[in-house]
Each structure stands twice: as structure tokens, then as C-alpha cells.
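Taking it in order: structure first as C-alpha cells, then the write-up.
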Amino acid sequence: MTNMSDRLIPIEGTAVKYGERLGIINSISENAGAFTAVVKWFSGGGSKINIEYLTCGFMRNMEVRHKPLSYSQKSLGCGNVVTIRTIGNREQVLVDFPDKGQQIWLPYESLKFIKGPKHRFINREAGADDAAERFRLKSLAHAIETWNENSGALSKLDIDPLPHQIHLVHHILAHGNLNWMIADDVGLGKTIETGMLLKALSQRGMARRILLVTPAGLTQQWKEELHNKFGFSDFRIYGDNFTIDEPREWGMYNHVIGSIDRFKDSEHLMKLMHAEPWDIIIFDEAHRLSRRQNGMSFDSSMRFKLAQSLRKKTDALILLSATPHQGKHDKFVSLLELLRPDLKKKIDTLKLNPELLKEMLYRNNKSDVTDAEGNFIFQGKVTKAITVDIDEAFSAFDNDLQSYLRKGYTQAKSLGNAGNAIGFVMTVYRKLAASSCKAINSALKRRKARLEGDRGQLSNIEDLFESDQRYIGEIEENFDHSVKEFFDGEIELLDELIAKSAALILNDKKLNEFLDGIVNEVLRNNSNEKILIFTEYRTTQNYLLEALSERFGCERVELINGSMKHQDRREAIKRFEDNGQFLISTEAGGEGINLQKNCHIMVNYDLPWNPMRLVQRIGRLYRYGQKKRVVVFNIHSPGTADEQIIELMYERIGEVVSDLSTVGDEFHDRLSDDILGEIADLVDVETILREATLEGIQRTQQRIEEALEKAKSAADVQQELFNYASSFDPNDLRGGFIPSTEHLTSFIESMFGYLDIQIIDKTHNGKVWQIRLSEELQDSLGMRKSRWDLTLDRVIASNREHIDVLDLDHLLMKYMLETAKSYSFQGQTASIQTASLPTGSLFCGFLRWQNNQGVRQRQEYMTWYVDSDGNMQVNDSNILEMFKSKLLSARYTHELEENKFHFKSLEISIDDRLTALASKWMQPENSEVVAAAWLG
């Protein structure tokens with residue numbers, strides 16, 4: 001006989017056996033070290049029996065709930081008995097826990113016999129008086145958690161996810177294969193989609209180790225975005241935040257970001273290949289992975305070879321690129337083969353079978369995406385070119401500057417590679433001159449000071465190109481390579497240019513046009529209008545700051561740039577949105593800011609050479625949430641050679657976009673935004689503009705035309721293939737149980753009542769709850785604070801530090817969800833009053849699929865309504881509407897045989913759905929009914 005000190009004491013509710021009799025333990029008492037159980041027999045009556053004489057009474061298919069032995073342990077939940085065994089003189093029960101997808105051997109003494117939804121439903125056990133409302137809350141808790149798991153949309157995200165972003169995450173997770181190319185149109189948020197996907201995978205335990213490979217200049221940006229928007233605080237940048245000396249050190253870093261050009265280096269690649277496999281690897285700007293076909297052979301870049309090597313280290317690869325094709329079919333096919341090597345033979349015949357792309361390529365277009373209400377997000381914009389005529393003084397300065405530049409370029413060319421830095425400085429001066437008189441004047445003075453002995457801080461040109469691409473404008477204006485003259489007589493030329501540019505500042509026609517011709521006109525129509533101003537350069541930014549402050553007061557002008565801390569930028573933006581009127585931003589300052597709520601007017605004080613930068617600038621205002629038509633003013637002076645070329649470039653891009661946006665005789669405004677982003681990303685004109693000084697306007701114009709023709713051709717080929725890609729379809733989401741804000745609000749307020757949480761007040765049009773927690777609940781949550789201001793609105797919370805977002809990462813929301821889902825909360829069955837539906841039965845539960853390695857891949861939470869004739873409706877809209885408000889209990893249940901018939905109909909429907917969605921990537925795992933009700 002087992003020593004009593006080593007024996008487990010059965011919990012109350014354990015099923016036990018005594019001889020041939022089966023029963024449930026009602027209570028346990030102890031006397032002098034002996035334990036006696038009061039057992040209620042299934043056959044009737046009860047007995048007191050020493051637990052030494054009791055054995056396991058559980059049988060196959062019984063439903064049980066696990067109770068841990070220690071308060072520090074968490075219950076494994078509810079499950080079904082599979083079988084029983086005796087091992088080491090201990091009786092154990094194999095329990096199938098469907099929510100975990102696990103079968104676990106447990107001592108029978110730690111299991112409590114329970115009545116699950118099926119047992120209660122068939123046997124007409126309707127529950128307590130408020131069972132209907134508990135049924136609703138239990139169902140909503142499961143629906144809310146499942147939707148968040150499938151989309152990441154309700155987690156602690158500093159974003160407002162859009163339907164197309166939610167759908168992409170849901171689509172990839174539901175497909176079963178995690179190898180995809182995400183090729184969304186420029187400006188649709190591939191970073192956000194990636195973050196949401198990683199969040200959803202992490203919640204499933206499928207993304208413990210993440211490797212993100214990006215261009216060198218984007219590593220820090222990705223780290224900031226993943227931290228600020230998605231709460232991923234563990235990402236470290238390889239080479240910046242950590243290095244690896246021994247392979248075992250990789251175990252300390254599960255979330256890694258690395259530069260593609262650092263990783264491709266043989267020394268770093270060798271270290272990287274010693275790391276453990278990654279759950280998922282993501283390549284940003286994947287079109288940089290090039291492999292070109294030459295006859296029967298392939299010429300692979302080092303970047304592509306890096307990707308090939310890493311492909312062996314993961315089963316999940318995500319490639320991000322808005323322009324993966326670029327008119328180069330062999331390069332595109334190589335990316336697809338990298339993504340899906342198992343489909344290589346089919347990919348080789350892609351032109352014959354383009355529908356194959358639906359299995360691996362996902363693309364959304366700006367013109368198609370909508371908000372949650374189905375409204376098109378992008379409402380249109382108007383662009384106005386503001387021409388500033390130059391006078392004789394500026395013309396004379398420009399002629400002298402062009403002479404200086406030609407001498408510099410000529411010297412750079414004569415030195416070969418050694419002259420690259422000189423050519424780069426000349427190009428920067430051209431850009432600065434086009435930006436403002438102040439910018440070029442300051443740069444020329446710095447150049448002269450350097451020649452006269454002021455070394456300042458020297459930068460290496462290679463370091464410049466390795467820097468964050470958002471900061472290029474701010475860095476390059478201070479870049480200077482040499483403390484020696486670029487050419488003989490440079491200092492004399494600098495003296496003349498400095499004097500002439502200084503005179504231009506005293507009567508700056510461009511600045512006057514900006515202040516009098518744009519700002520005053522805008523404010524004349526609306527004195528409270530807010531204006532966003534962009535420039536590439538910090539000197540120009542400070543110049544505009546002084547001018548606007550002098551005229552309108554410094555309290556109305558804010559600036560943001562790359563030198564500022566994230567918090568300082570947020571504070572400047574808040575001041576602008578509250579009482580400010582002008583916000584002056586550089587490219588780096590504007591990265592990631594969204595100002596569409598309070599501003600719709602933008603001024604581009606200078607025009608970037610890279611047209612994609614202009615698209616990104618406009619995207620700060622022209623985005624989801626903008627209620628007004630965006631107005632963009634572009635200032636330029638076509639009297640100078642460089643600005644004449646830039647004007648020509650943007651004019652021709654506009655004409656091409658207009659031509660491609662016309663369908664029949666009708667111009668499609670929304671379509672033009674798709675095409676502008678695509679052409680801007682595909683056209684390569686920066687090289688042309690850099691060489692324009694040596695080639696002249698006519699040859700430059702020819703080269704721009706050639707570049708645009710290539711871009712048009714690439715866009716046509718790319719679009720033809722992308723027609724076969726998977727993309728956002730609002731109908732794909734309408735069939736599921738997607739909790740709305742109304743569902744969430746109703747759930748929260750009803751749970752407040754059940755948990756004795758007092759609603760003191762509701763503010764902000766009912767969007768903010770001011771609540772008080774009871775002392776008991778404070779103790780349960782470990783919270784010292786009793787009063788809270790909570791909201792579901794991320795925008796309100798971002799503007800009010802004392803208001804918390806009640807998302808699924810909030811401790812109180814987690815507690816409410818766990819409480820509602822728990823067995824002790826009840827609500828497994830109910831009889832519900834309803835006038836919107838005929839008499840019938842309602843079931844809520846899960847369907848689950850796993851991948852070929854037994855890991856859960858897909859989970860759906862669904863509702864099934866069966867009418868009195870046995871007709872089945874899945875996720876009926878009337879049911880989903882019914883869940884938005886409190887439910888009242890009825891006194892109605894079906895007869896036993898009808899209950900059995902309805903439950904059998906449910907099981908058939910479940911099996912049909914499990915079968916329909918099974919594929920070679922996904923196998924049916926299990927199903928679980930969590931609640932059942934009668935409607936009457």
C-alpha cells in the first residue's frame with residue numbers, strides 16, 4: 001500500500017471507483033493523518049470512504065477540468081479523457097486539451113469531473129437566470145481573443161490597422177504556408193503589415209526567433225518602428241548593438257536586425273550561419289537580391305547568395321518589395337524560386353501558369369483599399385506649381401556657380417575613382433542652391449573655412465552611404481572631403497560666390513513668394529489653417545523658422561528633424577496640432593509622422609531629386625484619416641539650369657501618370673496615385689540629374705524620356721503579372737466572426753458590472769471610461785491604483801498621457817477575458833430571448849488546423865445557428881448583431897431528441913468545414929464547442 005505521505009489527495013469533484021461503484025468526491029476530511037472522502041455515487045446515495053480504498057473513476061470521453069497542486073501553477077484548463085493507465089503504481093489519465101492542441105498524462109487526483117456544453121445542451125440544463133448574458137460574454141471573449149490572434153489587430157499597437165492590413169495577416173496565417181512575397185503598393189504600410197504578422201505569429205508561439213535583413217540605412221528605422229508601434233523591444237542591430245565572438249552567443253539574441261551588406265561579407269556570413277535556425281526571416285526591399293540569367297548559367301550577386309544561404313535556416317521566408325519585377329523577368333523568377341524552392345519546376349513556366357502567383361505573392365493597390373466602413377481611403381489631392389522668376393542678380397550668381405561646378409566635376413573626372421568625393425560635393429552644392437540662398441551660402445562659407453584651416457568633423461563618403469537613408473539630406477549638406485583646393489583658384493571663386501549669395505539673402509525672391517504668395521493667401525481663406533513645410537536641408541529649415549517666427553511669432557512655428565529624439569519630435573508635433581500653425585520638417589523628421597487629422601496643406605520648399613521622396617512627403621498628409629482634399633504647393637525657379645531639369649522631370653512624370661491613369665475617356669484620380677508611386681519607384685533619374693551639368697539640358701531631357709519609357713514598360717509587365725496575385729477582398733472577412741468596436745464596448749461595460757468595477761463617468765463622447773476598481777479586484781490584479789481612465793481609441797490615448805488604451809495587452813482586459821472564458825463563470829448553455837430569429841439552436845466554438853509538423857496553423861471561432869427544420873447558418877449576421885447588446889434569459893429548451901438532432905447537424909457541419917479547408921499545408925486538428933443555447 002502506498003505511503004500516505006507520498007500519496008496525492010484527490011480534489012473535490014474527482015471521479016472515483018470503489019469496487020464496481022462510480023461516483024464523485026463531494027468533500028475530503030482529515031483525522032489523525034487519515035483522509036476520508038464523502039462520495040456521491042452516480043447510481044444514487046453517498047458514502048464516507050478512506051481514500052486508500054478509492055481508485056480512478058474516470059472513463060473515456062468524460063469531460064474534466066485540471067486543478068494544479070500549487071497556487072503558483074496555472075490550470076491546464078478543460079479537456080476530454082482519452083484513456084487511463086497505471087504506471088509506477090500510480091493511476092494517470094490521458095487528457096486531450098483541445099485549446100492547447102496537446103494530450104497530457106495527469107494524476108487522476110488533480111482532475112475534476114465537469115459537465116461540458118454538449119452534455120448540458122442535450123440534457124436541457126439551461127443555467128442560472130443571467131445565463132444568457134454570461135453565454136454572450138463567454139462567446140465574445142473567445143471571439144475577441146481569436147480575432148486578435150489571427151490578425152494582431154487588437155494588441156498593444158501604436159497604429160490603427162486598416163482592413164487590407166488585417167486581411168493580409170489573416171490570409172497568410174490561414175493559408176498554411178508562411179513563405180510569401182508582400183508586394184503592396186508604395187505607401188500602404190508594408191512595415192505595419194510585417195509588424196502585425198510578427199505580432200500574430202508571436203502570440204501563437206511561432207516567432208520566437210526572428211531575423212530581419214534590411215538595407216544598411218533602414219536598420220535603425222525598423223528597430224524604432226517595431227518598438228514604438230508593436231512593442232517589440234528586444235530587437236538588436238547586429239554590428240551596432242551587439243557582435244558575435246563565439247557561435248553560442250547567438251542564443252542571447254532571438255530578435256535580430258542586420259544590414260544586408262554587412263551580412264553578405266564572408267566573415268559576418270560565416271558567423272551568421274552558426275546561429276540556430278530562425279522561425280522566420282524577412283528581407284526588406286527584396287528586389288535588391290539580384291540573380292540574372294545568362295544563357296543557361298546564372299550570375300548571382302553576393303546579396304542573393306546571402307539569401308540562398310539563409311534560406312536553409314528557416315521554414316518561413318517573407319520578401320518585401322513594392323517593385324519585385326522591375327521589368328526583369330529572370331530576376332523576378334529567381335526571387336520566387338528563393339521563396340518557394342518546392343515549386344521550382346512550375347515557376348520556370350510562370351508565363352504559362354501565372355495563376356501560380358496566388359500561392360506566394362500578395363499585393364494591394366492604393367486605389368482598392370478601404371476603411372472599416374468600406375469607404376475608399378484616399379480622397380484625392382491637388383498639386384500646384386509655384387514658379388519663382390529669377391532676377392539678374394540671381395542669374396549672375398547661378399552662372400558663376402555653374403562655372404564653379406563644371407570645374408569641380410572636370411577635376412573629379414580626371415582623378416577617376418579618387419575624384420568621386422569631389423563630384424559628390426559638387427552635386428550636393430547644386431541641390432543646396434535649389435533649396436535656398438541661405439543653404440548654398442552657408443555651405444560655401446563652410447567650404448572656405450575648411451580650406452583656411454577649420455577642419456571641423458570630417459566624414460568618409462562610404463560612411464555617408466552606409467548611414468540611415470532618411471538622414472541623407474541632413475548629413476550631405478555638412479559633408480566635405482578635402483582640406484585642399486579642388487582646383488586652382490577655388491578660394492577666389494568661393495569668395496565671389498559667397499558675396500553674391502549673401503546679397504541674394506537680403507532680397508530673397510523665393511522666400512518672399514513663400515511668405516506672401518502662399519502662406520498669406522492660405523491664411524486669408526482660413527486664419528487658423530495649419531501648414532506642413534518640407535525641405536531636405538537643416539540650414540533651409542532654420543532659415544524658414546526665423547522668417548516665419550519673425551512674421552507670425554515663434555510660438556506658432558515648430559520644426560522636426562533627424563537630430564531630435566523621438567520624444568522631442570512627438571512633443572513638437574503635439575504643439576503644432578494644438579496651438580501651432582507651421583511645422584517645418586526634413587525628410588528624416590517627417591518619417592513616420594501622421595498629420596492627416598489636423599492638416600491638409602503642404603508646401604515643398606525644395607523638390608527632391610528622387611521622386612519617391614516627394615511621394616513619401618505627401619504621404620504624411622495623404623493617408624487614411626484625411627477628411628479634406630490635400631493641397632500641395634511645389635516651389636521652383638525654372639530660370640536656373642538645374643531647376644529647369646527638375647521641373648522637366650516632374651512634369652514628364654505627371655504626364656506619364658496621367659496617360660496611364662486614363663481608362664477610356666475617363667481619368668481615374670485614385671488610380672493615378674497607384675501609378676505615381678509605381679513610376680516614382682521604378683524610374684531611375686538621380687544618376688541622370690547628377691550628370692546633367694556635363695551633358696546639357698537637351699541630352700538630359702532625352703535620358704529622362706528613356707528612363708520613363710523603361711519605367712512604363714516595367715510597370716506594364718509587372719501589373720500584368722500582379723493581376724494574378726492574392727489581394728485584399730472585403731468579402732473574405734465578412735464571413736467570419738469579427739468583433740466590432742460595438743462588440744468590444746458592450747463586452748467591457750458588461751464585464752465591469754460582473755467584476756464590480758464602478759463607471760464614474762464617460763467622457764470624449766462616450767469613448768473614455770473613468771472607472772474605480774474595488775479593493776478586492778486591486779488585490780487580484782496587483783494594482784495599487786484604483787481610478788483609471790480607459791479607452792479603445794488609440795488617437796485619444798496618444799494625445800492624453802493619463803488615458804490608457806484598453807487593448808488586449810492591458811492587465812485589466814486580460815483579466816476580463818480570462819474571467820469570461822473560465823468554467824466557473826458559467827454561460828456554457830443558456831436559453832435566450834430573441835425576436836430577430838426564429839426558434840432554433842445556437843452553438844459557438846472553434847475549428848483548428850495544424851501544419852505537417854503538428855503545430856497549430858489556423859484557428860477559427862464560429863457561430864452555427866440551426867432552425868427548427870435543421871437548416872444551418874454559419875456566422876449569421878443576425879447572430880453577430882445580437883451579440884452587440886445584453887441578452888436576456890428565457891425559459892425555453894428543445895426536447896431531448898431535437899437537441900440530439902441539432903448537435904448531430906452541428907458535428908456534420910464542423911467536419912465539412914474542417915475537410916474543405918484542409919490542404920497539403922494544413923491538416924485538421926480538432927474542434928471545440930464552448931457554448932450552446934436555445935433561441936426562443
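A few points about this structure:
- Spatial offset of segment 899-926 relative to segment 829-862 amounts to 11 Å, using the alpha carbon center of each.
- Were the residues from Thr36 through Lys48 laid out at 0.36 nm apart, the gain over their Cα-Cα distance would be 3.7 nm.
- In terms of its C-alpha gyration tensor, segment 741-806 comes out oblate, because a/c is 1.5 or above while a/b does not outweigh b/c.
- Burial ranking of peptide ranges 490-496, 142-148 (average Cβ count within 10 Å, highest at the top): 142-148, 490-496
- Peptides 305-314, 382-391, 212-221 ranked from most to least packed by the mean count of surrounding Cβ atoms within 10 Å: 212-221, 305-314, 382-391.
- For Asn526 and Glu546, a Förster radius of 22 Å and the Cβ-Cβ distance give a FRET efficiency of 0.35, rounded to the nearest 0.05.
- Computed from the C-beta positions of Arg629 and Val483, the FRET efficiency with R₀ = 51 Å rounds to 0.50.
- Which of Ser909, Ser110, Ser527, Ser585 has the fewest Cβ neighbours within 10 Å, and the rest in rising order: Ser527, Ser909, Ser110, Ser585
- Neighbourhood charge, 12 Å Cβ-Cβ cut-off, centred on Glu276 and excluding it, Lys, Arg +1 and Asp, Glu -1: +2
- Shape of segment 161-362, Cα gyration tensor, a/c cut at 1.5: oblate
- Sorted on the mean count of surrounding Cβ atoms within 10 Å across their residues, most packed first, peptides 767-775, 413-421 read 767-775, 413-421.
- Per-selection Kirkwood Rh - segment 77-132 (Cα, Å, 1 d.p.): 13.1 Å
- Charged neighbours of Lys74, selected by a Cβ distance under 11 Å, balance to 0 (K, R count +1; D, E count -1).
- Remark: for residue pairs Lys190/Lys264; Lys67/Lys814; Lys40/Lys821; Lys597/Lys785; Lys264/Lys344, the C-alpha separation exceeds 30 Å in Lys597/Lys785.
- Once the Cβ-Cβ distance of Leu888 and Arg208 is raised to the sixth power relative to R0 = 41 Å, the FRET efficiency obtained is 0.35.
- Using a cut-off of 23 Å between Cα atoms, the listed pairs Lys431/Lys510; Lys100/Lys884; Lys271/Lys305; Lys305/Lys328; Lys413/Lys510 include Lys100/Lys884; Lys413/Lys510 as exceeding that distance.
- Cβ-based net charge around Asn594, under 9 Å, with every Lys or Arg adding one and every Asp or Glu removing one: +3
- Length-normalised contact order for segment 316-360 - Cα pairs under 8 Å, 6+ apart - percent: 29 percent
- Shape call, segment 4-114: gyration tensor on alpha carbons, a/c limit 1.5: prolate
- Site pair Ala449 and Ala396 shows an inter-label distance of 2.7 nm when each label is modelled 7 Å from Cα along Cα→Cβ.
Every read-out reported here was derived from the displayed coordinates using simple, explicitly stated rules and does not represent laboratory data. These numbers come from a predicted model, not from an experiment. Cβ atoms come from the backbone with ideal geometry, glycine included; neighbour counts cover every protein chain shown.
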